[in-house]
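The values are calculated or read from the model by the stated rules, or taken from the named source; none is laboratory data. Since this is a predicted model, take the numbers as computed values, not measurements. As a convention, Cβ positions derive from the backbone with ideal geometry for all residues, glycine included, and neighbour counts pool all protein chains shown.
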Amino acid sequence: MGAAYHIDHNYVQQPLEFGEIHLFQIGTLHCPKDTVVERHLHHNWFELTILTDGSGTIYTNDTPIKVSKGDIYLSFPAEFHEIVSDDTLHFDFFSFQTDNPAYRDDLERIMQQFADADKRILHNDGIRALVRDAIAQIQMPQTTPYRKEILGAQFLQLLILLIRDFKDIEPGNTPYNATQAQQFCFSLMHYIDTHIYTMKNPGELAEVTNYNYSYLSHLFHSVTSQTLSIYFLKRRLETAAGLLRENDLSITQIAQMLQYSSVYAFSKAFRAYYGISPREYRGKNKVPASKKE
């Protein structure tokens with residue numbers, strides 16, 4: 001990656017709890033010109049990328065978004081993420097999730113309304129300052145008085161400011177000239193994409209939408225020429241392949257993360273889709289440690 005200066009507090013394997021906020025990662029990165037933060041998968045967390053200097057391109061699921069000093073970009077769960085610097089690029093980052101039902105509902109609304117990757121840039125000096133202060137705070141010794149309480153308050157304030165800001169942004173649009181049925185199917189696809197770690201089967205869409213699953217399945221097939229079950233299977237196993245390439249989790253952990261009933265069921269489904277076992281796929285495709293963020 002070639003970063004000139006890198007502070008990375010990484011808790012992806014065991015997130016830290018600060019009240020109702022779960023912290024997965026926080027830090028800062030200073031990149032020389034033409035630095036590439038390699039394509040990687042965000043699991044079940046949101047991430048803020050805060051540009052403090054320079055400019056570059058953020059790729060979300062291969063969609064390029066130009067960013068520059070002052071921009072704050074929000075990434076969703078289960079998205080592939082890559083950053084390329086144009087010149088010297090400095091940014092802070094904060095990866096989080098919450099258990100609070102009200103905040104989760106607000107984040108759900110944001111994911112539905114801002115599915116378009118290029119509609120998620122905001123500008124908020126309060127968020128920028130809070131992330132920078134939290135980076136300094138988390139580097140203090142754990143014995144520092146009220147360190148955890150201060151961080152919890154900062155993270156909660158960050159989340160509230162984020163939700164409040166998105167209420168004032170014009171939502172992204174579904175594809176141009178899409179019919180009502182196409183728009184609805186697009187929302188079903190987006191729901192699967194952003195809930196791939198929590199869904200056990202596509203039948204759960206019936207409860208989410210209050211429509212009979214047979215109706216949903218028929219409509220989806222008539223619009224997209226594929227079934228909901230095939231789309232769900234494809235996204236589930238594509239996500240599994242991304243996790244296998246990263247080589248950070250065991251095959252059993254990946255099966256559990258994607259809600260498979262057993263590692264055997266996962267391996268069987270993976271082999272049927274890719275033609276090789278998860279272990280064989282990892283051996284042929286794993287990303288070298290030197291290329292990871």
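Odds and ends about this structure:
- Residue match in region 231-238 (condition: among the hydroxyl-bearing types (Ser, Thr, Tyr), buried (at least 18 other Cβ atoms within 10 Å of the Cβ) and not assigned by TED's automatic domain parsing to the domain that holds ASN61): yes
- For ASP116, the stated conditions hold: it is over 19 Å from LEU130 (Cβ atoms) and surrounded by fewer than 19 Cβ atoms within 10 Å (Cβ to Cβ).
- Test: residue in region 280-293 that is within 18 Å of TYR197 (Cβ to Cβ), surrounded by 14 or more Cβ atoms within 10 Å (Cβ to Cβ), in contact (Cβ under 8 Å) with a residue 24 or more places away in the chain and touching a helix residue (DSSP H, G or I) at 6+ places or on another chain (Cβ under 9 Å): no
- Annotation note: Cβ proximity below 6 Å between a residue of region 73-98 that is in contact (Cβ under 8 Å) with a residue 60 or more places away in the chain and on the phi > 0 side of the Ramachandran plot and a residue that is of a type in the set (A, V, I, L, M, F, W, C) and buried (at least 21 other Cβ atoms within 10 Å of the Cβ) (sequence gap 6+ or interchain) occurs for ALA78/ILE196.
- The single residue among ALA241, ALA129, ALA134 that is surrounded by fewer than 17 Cβ atoms within 10 Å (Cβ to Cβ) and either of a type in the set (Gly, Ala, Ser) or touching a strand residue (DSSP E or B) at 6+ places or on another chain (Cβ under 8 Å) (or both) turns out to be ALA129.
- For region 20-63, a residue qualifies if it is touching a Gly at 6+ places or on another chain (Cβ under 6 Å) and among the hydrophobic types (A, V, I, L, M, F, W, C), and exactly one does: LEU41.
- Checked against the criterion of being modelled with pLDDT under 95, more than 30 Å from PHE266 (Cα to Cα) and buried (at least 17 other Cβ atoms within 10 Å of the Cβ), the candidates THR144, THR174 yield just one match: THR174.
- Filtering region 10-27 to residues that are crowded, with 20+ Cβ neighbours inside 10 Å and either touching a His at 6+ places or on another chain (Cβ under 7 Å) or not assigned by TED's automatic domain parsing to the domain that holds ILE160 (or both) leaves only ILE26.
- For PHE184, the test of being within 29 Å of GLN113 (Cα to Cα), surrounded by 14 or more Cβ atoms within 10 Å (Cβ to Cβ) and either in contact (Cβ under 8 Å) with a residue 12 or more places away in the chain or under 17 Å from the mean Cα position of the chain (by Cα) (or both) is passed.
- Output for region 206-255, where each listed residue is assigned to a helix (DSSP H, G or I) and either of a type in the set (D, E, K, R) or touching an Asp or Glu at 6+ places or on another chain (Cβ under 7 Å) (or both): GLU207, LYS234, ARG235, ARG236, GLU238, ARG245, GLU246
- Within the option set THR57, THR49, being polar (S, T, N, Q), in a strand (DSSP E or B) and farther than 29 Å from ARG147 by Cβ holds for one residue only, THR57.
- Of the listed requirements (1) part of a strand (DSSP E or B); (2) farther than 19 Å from ILE21 by Cβ, GLY70 misses just one: (1).
- Count of region 256-287 residues which are under 17 Å from GLN13 (Cβ atoms) and part of a helix (DSSP H, G or I): 2
- Note on region 248-269: among residues that are free of Cβ contacts under 8 Å to residues at least 12 places away in the same chain and of a type in the set (Phe, Trp, Tyr), the one that is farthest from THR194 (Cα to Cα) is TYR264.
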